[in-house]
1. If I model a spin label at Asn205 and Ile79 as a point 7 Å from the Cα along the Cα→Cβ vector, what separation in nanometres do I get?
2. Test of understanding: express the Cα radius of gyration of region 335-383 as a ratio to 2.2 N^0.38 Å, with N the residue count.
3. What longest range of the chain stays clear of loop-exposed GluC sites (Glu not before Pro) (DSSP non-H/G/I/E/B, at most 10 other C-beta within 10 angstrom)?
4. In nm, to one decimal, how far is the modelled label at Ala118 from the one at Asp130, with both set 7 Å along Cα→Cβ?
5. Filter the cross-link list Lys213/Lys449; Lys342/Lys449; Lys316/Lys342; Lys146/Lys202; Lys316/Lys449 down to pairs whose alpha-carbon distance in this structure exceeds 30 Å.
6. Find, among the trypsin sites (Lys or Arg not before Pro) in region 421-473, those assigned to loop by DSSP (not H, G, I, E, B) with at most 15 other beta-carbon atoms within 10 angstrom.
7. Can you list the aspartates and glutamates whose alpha carbon sits under 17 Å from that of Lys136, skipping same-chain ones fewer than 8 residues off?
8. So which helices of the chain fit the span-like rule, where a helix is a whole DSSP H run, its Cα atoms reach 24 Å or more along the axis, and its mean Kyte-Doolittle is at least -0.5?
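Each value in this text was obtained by applying a stated rule to the coordinates, not by laboratory testing. Values in this document were obtained by computation on a predicted structure and should not be read as measured data. Heads up, the Cβs are rebuilt from the backbone with ideal geometry, glycines too, and the neighbour counts pull from every protein chain shown.
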Amino acid sequence: MAARWDLREQPWIPVRFMDGATGRVGFRELFHRAHEIEDVELPVPPAASGLLRVLAAMTARVARVDGERLDDRELAEDIEDWLALRDRVLAQGRFDGKVVDAYFDDEVPCGRFDLFDAERPFLQDPRLRDECLDAKGNANPSGVNKLVFGRPTGVNGAVLFGHFTDGDPVPVPAAEATWHMIAQLYYGPSGQCTPRRITADKPGNGLAGPLRKSVSFHVWAEDLFTTLVLAVPGPNDQIDLDEADLCPWEEELPNPLAPPRPLTWPGRWLTGRARHAVLLEPSAGGTHVTDAYVTWSTHQPPSAAPDPHVILDMPKAGGAPFARAADQQRALWRDLDALLLKDDGQGQRPLCFEYLPAQRLTDLRVRAYGFDQDGQQRDHGWFEATTPAVLGWLEGVSDEGDAMALHIARCHQAAEQVGERLEYAAKLAWKLATDPPEDTSAKVTLDRKRPGPWARTAMGHYWPAAERVFWQLATPQQLDAPAYQPFVTAALESLDAAMGAARADLRGARARSRARAALHAVIPHSQRTVTQSSR
């Protein structure tokens, strides 16, 4: 008998309930108890990011009031009608269990939620067993290590979590394999992959996943029910409202050689952008995954329509906007102004932040999932972060919100400018302390190849301190407070920490004085008080 692993019933999604208890649930229990769940706690942030899109698409199917569905395309033609329906859904406070069961049991074809179904395993392509073959016609899987992010593959793979080798692959529990499968579909690499033969050609290269190297932002409420309802993006003029909207588990397998199906609202927009095809091979008992195929699903150009959960940055040289890149060294607060402002001059806030209910904004936070990667094969690390309840300050909702959004932007601008000046000042101090010019009044030219160690140390000290300053300033009570001086104070302390004992000798003291003067100079004249450049 073939192995079965039903994602509707198997406990594979780690959650934390409102009472603080933790556990794992399947799809069915998650929707039945979404109002009792506080958080989803997948330990693999890129998998959590992809899963939330899957859950949002399912939410659009099961969120109903008096027979009207949140994914009703006719209703969505008038945004006010759609928002009124969403308000009625939110007012219910929970999903209707009978509707949830009808969707999972009757509305989706049998077997589509089985991880190891012979014909249509969930989010997988069973054709890969016949299309990924070696020169002798034998099955040519990619290996389970290729599936799991953080395991090395080949001779150049970096070990992020644990020690594994291609020669001795360790089977993966089915739950964890599902997490990594979802992560592959959204964040998978470009370039060389397992060859797949459909015609006489046998290409072995693919395109990057739709979210690769990006950071994803999600509105986060006090309970998962509200979080999921607000995760369903409003209709957008770049997304088709006429074509039938089907998610991968609801429709037939696509033709890999044909143009991609148009992005439709909201299901395919959230779940139909994959550039990879995956197939998992189960253990005899169906509890683990012992092997996997990971290859390309299409070579057609991706849709230009943006993902609804990313900040869109504008290229300086012009052209199409692109998703803001993830940087594991960059704290979430540094993107807060781009989340609150409709357009901060460089980027546009995520589309999912439009049309949020004004009466709930003061309770809403932002959850970010990032995967720091290059555009091809190299993965550096992932992260997850959550802000306090800041969405009451969205621009365009209220006068107070507009004022706070602009204040946040000013504080962020001050922090960034002071940070840039601190990096310069630390390099300047190193140059003056180790290789001072004969003419002390002459302009100092820094050597890019010899920046010295102080800049790196100072910046490592500054950004955590700047974050504390930022949140102290980010209150309505500090709306009119000057922003630069607190960040300069943090920068001066960071400079001293980097210089250490070098400040004590005469040369170091002179270098410190010049560097401190450079830091004070970044404060605008309108915000300057009587200060000393050295002390």
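1. Taking the two extended label points, one gets 4.1 nm.
2. 1.49
3. Free of exposed loop sites, the longest segment is 1-251.
4. Using points 7 Å along Cα→Cβ, the separation is 1.4 nm.
5. Beyond 30 Å: Lys342/Lys449.
6. When the trypsin sites (Lys or Arg not before Pro) of region 421-473 are filtered for loop state and at most 15 Cβ neighbours within 10 Å, Lys443, Arg448, Lys449 remain.
7. Result set, ordered by chain and number: Asp201.
8. Values: long enough: 45-62 (25 Å, 0.92); 399-434 (53 Å, -0.29); 454-473 (27 Å, -0.30).
Span-like helices in the chain: 45-62, 399-434, 454-473.
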